[in-house]
Amino acid sequence: MDRDIEARLRGTTKHVLLLGPRQVGKSTLCRSLGPKYILNLADEGAFLSYSKDPGRLRRELAVLDGPSLVLIDEIQRVPPLLNMVQALLDEGCPHRFLLTGSSARKLKRGGANLLPGRILLEYMDPLSFWELGRSLDLDRALQLGTLPGIYLDSKEGADVLDGYAATYLREEIQAEALSRNLGAYARFLDVAAEASGRWINYSKVASDSELPKETVRRFYSILEDTLIAFRLPAYRPKRSHRRVSQRDRFLFFDTGVRNALLGLHRHPLSPSERGFLFEHWIILQCLTLIRSRHKPWKLSSYRTDAGAEVDLVIDQGKKLLAVECKSGSRVHETDLRGLRSFEEVADKPVEKRIVYRGSSRQKFSKGEVAVPYEDFLESLAREG
């Protein structure tokens with residue numbers, strides 16, 4: 001299956017650092033580009049060798065015949081190699097580098113420069129709506145997620161998902177030197193999965209996890225830096241509004257991984273769970289669109305102390321796109337309360353959209369428009 005980012009990687013002559021969670025397809029895609037030199041740091045032998053002697057890279061590249069495409073996979077395992085690449089570029093190295101990583105945290109901790117001037121930073125996410133098209137099985141995507149090896153495996157997807165969740169928990173904790181806190185982190189991960197997509201109350205998460213609040217904040221930071229979750233900030237109007245909540249939300253990068261941690265991936269979803277995951281999935285699609293196509297938009301979420309909510313606010317520069325997600329096939333006037341509340345505090349012109357699983361476009365009395373989710377995502381990709 002063609003990935004959105006493939007054409008850009010094939011078309012650029014620049015060096016690239018491709019970040020993304022494990023199993024999104026980074027290695028498979030990069031190897032399809034025909035690199036002449038491949039260093040796979042997921043291999044323990046290579047990891048140990050280059051950890052002891054990062055200078056080995058310089059010696060091996062020096063004997064390549066002419067300018068070549070050089071792939072270094074999972075570079076976060078040996079952060080000094082990223083600095084070595086930067087040094088080689090400063091010296092006029094003729095090769096083009098394609099680097100992949102699944103943890104920005106390890107690169108930062110290793111003192112590596114994540115954004116050298118001549119290296120493009122790209123992201124790769126699970127399969128998106130635009131890659132799967134209208135043949136997407138939405139219910140399967142909501143339950144099992146869209147990691148390629150899971151979504152596309154009709155028979156063993158749930159089993160593979162079990163393994164992914166278990167492997168992530170074990171390997172990431174070991175890699176982040178959290179082995180002493182294995183039980184604490186396991187408790188936190190379960191609570192964080194349950195809270196994924198909800199407005200974060202650190203005190204409640206700390207209580208439910210039986211952990212100090214500062215430990216919870218640190219664990220959330222690890223989820224974010226290892227690309228397992230991302231922060232959706234609260235919408236903060238330029239004018240002060242006491243009634244607007246300042247709480248952020250965290251969302252796991254894939255609905256299937258979230259469900260596997262909670263044991264929800266093997267049983268039919270309840271209507272309420274399906275509705276929650278539909279909202280979660282729509283937000284993830286918008287994040288993927290922004291990152292994969294470099295759209296200069298910002299995402300946030302809106303909530304008042306009185307309970308009025310807007311699931312997603314997309315700041316497109318000159319205007320705000322306020323999006324409410326409904327998993328049903330009908331939209332009612334009562335579904336518009338949050339959008340109308342948001343318009344009162346917004347500091348830019350607002351377009352109000354209800355994204356739902358119906359089949360027709362509907363207009364409401366105060367400018368709101370209900371749009372089938374397929375139409376919404378296709379039109380969003382064409383904007384700006």
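Of note:
- Test: Ser300 is closer than 27 Å to Ala141 by Cβ and assigned to a loop (DSSP other than H, G, I, E, B): no
- So Val70, is it assigned to a helix (DSSP H, G or I), assigned by TED's automatic domain parsing to the domain that holds Arg22 and either surrounded by 15 or more Cβ atoms within 10 Å (Cβ to Cβ) or touching a strand residue (DSSP E or B) at 6+ places or on another chain (Cβ under 9 Å) (or both): no
- The condition (being more than 30 Å from Gly133 (Cα to Cα), part of a helix (DSSP H, G or I) and among the acidic types (Asp, Glu)) is satisfied by just one residue among Glu60, Glu6: Glu60.
- Annotation for the range 195-204: at least one member residue is without any contact (Cβ under 8 Å) to a residue 24 or more places away in the chain, of a type in the set (Ser, Thr, Tyr), under 19 Å from Ser301 (Cβ atoms) and not in a loop (DSSP other than H, G, I, E, B).
- Within the range 20-39, residues that are closer than 15 Å to Met1 by Cβ and touching a residue at least 40 places away in the same chain (Cβ under 8 Å) reach partners that are in a loop (DSSP other than H, G, I, E, B) and basic (Lys, Arg) with beta carbons closer than 6 Å, at six or more positions or on different chains, in the pairs Leu29/Arg3.
- Matching residues, the range 321-335, being closer than 20 Å to Glu374 by Cα and of a type outside the set (Asp, Glu): Leu321, Ala322, Val323, Cys325, Lys326, Ser327, Gly328, Ser329, Arg330, Val331, His332
- Failed item in (1) within 30 Å of Arg8 (Cβ to Cβ); (2) touching a residue at least 60 places away in the same chain (Cβ under 8 Å); (3) assigned to a strand (DSSP E or B), with Val310 passing the rest: (1)
- Lone qualifier among Gly317, Gly328 - being farther than 21 Å from Trp199 by Cα and within 23 Å of the chain's Cα centre (by Cα): Gly317
- The lone exception for Leu17 - which of (1) in a strand (DSSP E or B); (2) surrounded by fewer than 13 Cβ atoms within 10 Å (Cβ to Cβ) it fails: (2)
- Count of the range 17-31 residues which are over 22 Å from Ile228 (Cβ atoms) and modelled with pLDDT under 95: 0
- Taken over the range 348-368, the criterion of being part of a strand (DSSP E or B), crowded, with 17+ Cβ neighbours inside 10 Å and of a type in the set (Lys, Arg) is satisfied by Lys352, Arg353.
- Meets criteria (charged (D, E, K, R), under 20 Å from the mean Cα position of the chain (by Cα) and either over 24 Å from Ile290 (Cβ atoms) or surrounded by fewer than 19 Cβ atoms within 10 Å (Cβ to Cβ) (or both)) for Glu60: no
- Options Leu287, Leu269, Leu264; residue that is surrounded by 14 or more Cβ atoms within 10 Å (Cβ to Cβ) and modelled with pLDDT of 95 or more: Leu287
- Taking the listed residues Leu121, Leu107, Leu81, the one that is outside any helix (DSSP H, G or I), closer than 30 Å to Gly163 by Cβ and in contact (Cβ under 8 Å) with a residue 24 or more places away in the chain is Leu121, with no other qualifying.
The values are calculated or read from the model by the stated rules, or taken from the named source; none is laboratory data. All values reported here derive from a predicted model rather than from experimental measurement. In this analysis, Cβ positions are derived from the backbone assuming ideal geometry, glycine residues included, and neighbour counts consider all displayed protein chains.
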